[in-house]
Amino acid sequence: MIWEHFAHGADIGVRGVGTTKGEAFEQAALALTAVLTDPDAVAAKTAVDIRSEAPDGELLLVDWLNALIYEMTTRKMIFGRFAVTITGDLLTATAWGEPVDRVRHHPAVEVKAATYTALSVAQRNDGTWVAQCVVDV
Amino acid sequence: MDPSRLIRRSEHEWEIPRHGAMRVPGIIFADEALVRGMDDKVGEQVANVAALPGIVKASYAMPDAHWGYGFPIGGVAAFDPDDGGVVSAGGVGFDISCGVRTLLTGVTLAQLTPVKKALAKALYDATPAGVGSTGALRLTPSEMDAMLEGGARWAVDRGYGRPEDLDRIEERGAMAGARPAYVSEAAKRRQRDEMGTLGSGNHYLEVQHVAEIYDHAAAAAFGLEAGTVVISIHCGSRGLGHQIGTEFLREMVVAAKDAGIELPDRELACAPIRSALGERYLGAMRAAINCALANRQILTHSTRNAVRAVLPGTRLALLYDVSHNTCKVEEHVVDGRRRRLFVHRKGATRAFPPGHPDLPPQLSQAGQPVLIGGSMGTASYILAGTPESGDEAFASACHGAGRSMSRHAATKQWQGRQVVDELAARGVLIRSPSLRGVAEEAPGAYKDVTAVVDAAEAAHLARKVAKLEPVICVKG
């Protein structure tokens, strides 16, 4: 299970890889947090439940990341741990995090939205799942 | 992008000929070096936009065009509702009505220098910026709706700024046709704490001095004098605009599929202008324009207070306020016929020609001010619409430098502290809550804004009036 960023002209791409689609989504969420700050520096103090539904895996990834962005901006929180379950078109998840601390987290940039650019949710030949898209900052 | 794949119409105009699903040609305004520096994705995106229903004349890219979402950033396209034209949430983008306004201080650089540090502190303290920042204002639901209908006019009515500011804002400060009822509760909730905040990324509040004047008559009309100081604010519609963009893009992706519209890129999701979804988006998007105008107006008010605390008596008249992520209904003459079109500008500035009826009388002779933001530490420019600008690209010009390097690459190359120190050595004070944010926005990560505005002028999109050099930059 890994997450990474990939380059996009003006913005940044987030990519998660996991043994299941849910794990890939969890890793993509860590990559989203890493756009702002080091995910390891975020304490898992408060849990927030998220539920999304979409007609395909790619729309579901965008919905999941946008739901996190909404929770981050309205709660002024940052998340460092995720548990995602995907059953058919339905995603249920818990995100654990804490309030943004500008001194400790040094947050670099707000994320405006997850986009449909370089969007892909797919299973590779080795059976692992990759979930990725560009986010607008 | 390889220029040999384009038809060179003139020194600064390149055509992507119609092919595949393109309904109109693509046109890129740039010199050869800028074209070579553009990602191939720009050409692909220009061509994809050209395939959308109801597009008129051409799909345009400004000299600062770079790889965006669906539309290139620096993309312009107009659609005719009588010809099945569409409105595209992707064609406006997530930061609806992101824009720039410039305030005139009347203070000279020599007068500013002794109090520069004090002013940097006052502006930084007065401007909520960066991740997790909140504004001082909390709007009740009815005030939120009033703001979304009234824009900067609402803000002035509430004491943020002066009535004469409104003449110096596109749409006279209030975008007509806004429908707060079409804005979701989630979008309103996202805005609740964010009125009067700057945001982050490439948004800034910058104190600049007028380094060079190119067009003395226009500069005089704009109130720009060499050696004087101005303040420019670059930000948008904050969380409300981002949420509206997110929600309507999602809805349009699904609706387009259901309606059998073949999208070359999901980010181009759109709806017919004459459809329930198209009308809902337009009403919500216009409300977001008003949110951006109100936000910049509130920031203007806090900026005026901060400056006056350091430099008493400074009036800070508003030169102008432009928005560069919008879809607006405008009349343009196409092939000799006046048509009412829905002009999308995604990272492009409106540049109305001299004499345009929407300009206030004081600016009518000079043409619309076109405010071009540089990046932190580099020059910015003020341009003006030209008599020819109305004929080219639906009176549009560039909006900024555009990145030449990804954020990731920038943080590999620079440390935030080093960027701050180097700029300080050159006399530019950076104030930001995030050193990593500063590294990502390092001046070297952007294209040369001078090449961009020179190309815009050579292509007759706008003409240069003045060059601004940074003195203090507050970054989110």
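Every number in this text was worked out from the coordinates using simple rules, so none of it is lab data. These figures come from a predicted structure and were not determined experimentally. No Cβ is skipped: glycine too gets one built from the backbone with ideal geometry, and neighbour counts run over all protein chains shown.
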Need the C-alpha centroid separation for region B:16-92 versus region B:357-381, integer Å.
24
Amide H neighbours of B:V370 at under 5 Å, excluding residues fewer than 5 places away on the same chain, with H built from the backbone geometry, are B:L383, B:A384, B:G385
Would you work out the charge dipole size for chain B about its Cα centre, treating the Cβ of every Lys and Arg as +1 and the Cβ of every Asp and Glu as -1, and quote it to the nearest 20 debye?
1180
Given a cut-off of 24 Å, name the pairs among B:K412/B:K475; B:K328/B:K467; A:K76/B:K475; A:K76/B:K188; B:K57/B:K464; A:K76/B:K447 whose C-alpha atoms lie farther apart than that in the structure shown.
B:K328/B:K467; B:K57/B:K464; A:K76/B:K447
So A:R75 and A:T87, fully extended at 0.36 nm per residue minus their Cα-Cα distance, gain in nm 1.6 nm
Sequence order, region B:207-223: Karplus ³J(HN,Hα) from phi using 6.51 cos²θ - 1.76 cosθ + 1.60, θ = phi - 60°, Hz rounded, Gly and Pro as x, gives 8, 9, 10, 6, 8, 7, 10, 9, 10, 5, 5, 5, 4, 5, 5, 7, x
Treating the angle as unsigned and between 0 and 90°, give the value, to the nearest 10°, between the Cα long axis of helix B:276-310 and the longest Cα principal axis of chain B.
10
Cα-projected label distance for B:V115 with B:E251, points at 7 Å along beta-carbon direction, nm
4.9
Debye, to nearest 20: dipole size of the protein assembly as shown, +1 on Lys, Arg Cβ, -1 on Asp, Glu Cβ:
1360
Can you list residues whose amide H is under 5 Å from A:I12's amide H, if they're 5+ apart or on another chain and H is modeled 1.01 Å from N?
A:V135, A:V137
Region A:2-136 - percent relative contact order, Cα under 8 Å, separation 6 or more:
32
Taking the dipole of the protein assembly as shown about the Cα centre (Lys, Arg +1; Asp, Glu -1; charges at Cβ), the one of A:S120, B:M376, B:C473 that reaches farthest to the positive side is B:C473
If unit charges are put on Cβ atoms (+1 for Lys and Arg, -1 for Asp and Glu) and the dipole of chain B is taken about its Cα centre, the option from B:L423, B:S10, B:A255 lying farthest towards the positive end turns out to be B:L423
What nm value, rounded to one decimal, do you get for the distance between B:E11 and B:A136 when each label is placed 7 Å out toward the C-beta?
5.1
In degrees between 0 and 90, to the nearest 10, how far off the longest principal axis of chain B does helix B:116-126 point, with axes built from Cα atoms?
60
In region A:2-136, with Lys and Arg counted as +1 and Asp and Glu as -1 at Cβ, which of these residues, A:T92, A:V103, A:V48, has the Cα nearest the positive end of the dipole, that is, farthest along it?
A:V103
Tabulate in residue order the Karplus-calculated ³J(HN,Hα) for region B:267-272, using 6.51 cos²θ - 1.76 cosθ + 1.60 with θ = phi - 60°, rounded to whole Hz; enter x for Gly and Pro.
5, 8, 3, 8, 9, x
Length-normalised contact order for chain B - Cα pairs under 8 Å, 6+ apart - percent
22
Size of the dipole of region B:86-187 about the Cα centre, Lys and Arg at +1 and Asp and Glu at -1 on the beta carbon, nothing else charged, in debye to 20?
480
Under 5 Å between amide H atoms, partner at least 5 residues away or on a different chain: which partners does B:Y204 have, H built in plane at 1.01 Å?
B:H234
Taking Cα atoms only, helix B:238-258 is inclined relative to the longest principal axis of chain B by an angle, in degrees rounded to 10, of 10
Cα→Cβ-extended label distance, 7 Å offset, between B:A259 and B:R337, nm
2.2
Can you tell me, using C-alpha contacts under 8 Å and at least 6 residues apart, the relative contact order of region B:120-231 as a whole percent?
31
Along the three principal axes, how long is chain A when you take its alpha carbons, biggest first, rounded to the nearest angstrom?
43, 33, 24
Taking R0 as 51 Å, what FRET efficiency do you get between A:M1 and B:D157 from their Cβ-Cβ distance, rounded to the nearest 0.05?
0.40
For region B:43-60, in order, what is each residue's ³J(HN,Hα) by Karplus, 6.51 cos²θ - 1.76 cosθ + 1.60 with θ = phi - 60°, in whole Hz (x at glycine and Pro)?
x, 4, 5, 4, 5, 4, 4, 5, 8, 6, x, x, 5, 10, 6, 6, 9, 10
